[in-house]
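A short reminder: the numbers here are calculations on the coordinates, not readings from a lab. Given the structure is predicted, the values throughout are model-derived calculations rather than measurements. Virtual Cβ from ideal backbone geometry, glycine too; neighbours counted across all protein chains shown.
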Amino acid sequence: MPRTNSIQKAREVASSTASDATRHFNALGDFNDTVLHSQVLCMTYVQPDVTEGGIYLPDDAIQEDRFQGKIALVVAMGPGAFKDDKIAQFHGAKIEVGDWVLVRPSDGMELFFRGNSVRLFEDVDVRVKIENPRDYW
């Protein structure tokens, strides 16, 4: 079965030796588009292609991050994201571009930016701000 562009991009991210955030941002390149309202654009976390124990992951395992990945990197946010209003109260919680977050993949609309899997979420669908994406499975 031939690799699609998304598999190739995921493999590039997975094989990079840079830090987790850097390798994801490098794959995206400059993002100059405007996210509107209270939307949050996130790139799905792609795990490294070699485990800490030295096992090389096949394409299927890396591609599964796209469908099941619950950790994402905040890439861009609309001007109303994470601002208290009559519907949502964030109680001072701050999320910024570059933060890792926990989301439910089915809550977001998947699309591809330069071959990378990204999802667009409502700010209220971001569940947890996390420090290290490798702590979660």
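Would you mind getting me the FRET efficiency between residue 87 and residue 33? Use the beta-carbon distance for r and R0 = 25 Å, nearest 0.05.
Efficiency, from the Cβ-Cβ distance: 0.50.
In deg cm²/dmol, rounded to 500, what helix-only [θ] at 222 nm does the chain give when every DSSP H run of at least 4 residues adds -39500 (n - 2.57) and the total is split over its residues?
-6500 deg cm²/dmol
Which residue, 95, 87, 62, tops the fluctuation ranking in a GNM of the chain built on C-alpha contacts under 10 Å?
It is 87.
Taking amide hydrogens as modeled 1.01 Å from N in the peptide plane, which residues meet the under 5 Å criterion relative to residue 130, leaving out close sequence neighbours?
Under 5 Å from the amide H of residue 130 lie the amide H atoms of 100, 101, 102, each far enough along the sequence or on another chain.
Binned at 10 Å from 0, what are the whole-percent values of the Cα-Cα distance distribution for the chain, short to long?
Result, from short to long distances: 12, 45, 32, 10, 2, 0 percent.
So if we plug the beta-carbon distance of residue 107 and residue 55 into 1/(1 + (r/R0)^6) with R0 = 41 Å, what FRET efficiency do we get, rounded to 0.05?
On the way: r = 31 Å, r/R0 = 0.76.
Step by step, r from the Cβ atoms, then E = 0.85.
Would you mind calculating the relative contact order of region 5-135 from Cα pairs under 8 angstrom and at least 6 residues apart, reporting the percent as a whole number?
Rounded, it is 29 percent for region 5-135.
Just 12, 110, 64 to compare: in a GNM of the chain, with alpha carbon springs under 10 Å, which one fluctuates most?
With Cα springs under 10 Å in the chain, the top fluctuation among 12, 110, 64 is at 64.
Would you mind counting up the charge near residue 36? Only other residues with Cβ under 13 Å from its Cβ, with Lys and Arg at +1 and Asp and Glu at -1.
Numbers: positive: none; negative: 33, 122, 123.
Local charge sum for residue 36: -3.
Below 13 angstrom from the Cβ of residue 131, what's the summed charge of the other residues (Lys, Arg +1; Asp, Glu -1)? Each step should come with its number before you reach the end.
Values: positive: 129, 134; negative: 20, 99, 135.
Net charge in that neighbourhood comes out at -1.
Compare 88, 76, 18 in a GNM of the chain, Cα atoms joined below 10 Å, and give the one with the largest fluctuation.
In this elastic network of the chain, the residue with the biggest mean-square fluctuation among 88, 76, 18 is 88.
Step through the residues of region 45-55 one at a time and calculate ³J(HN,Hα) from phi using the Karplus curve (6.51 cos²θ - 1.76 cosθ + 1.60, θ = phi - 60°), rounding each to whole Hz and writing x for Gly and Pro.
So the Karplus estimates, Gly and Pro as x, are 5, 10, 5, x, 7, 10, 6, 4, x, x, 8 Hz.
Under 21 Å Cα to Cα from residue 86, which lysines show up? Leave out anything in the same chain fewer than 8 places away.
Qualifying lysines at Cα under 21 Å: 94.
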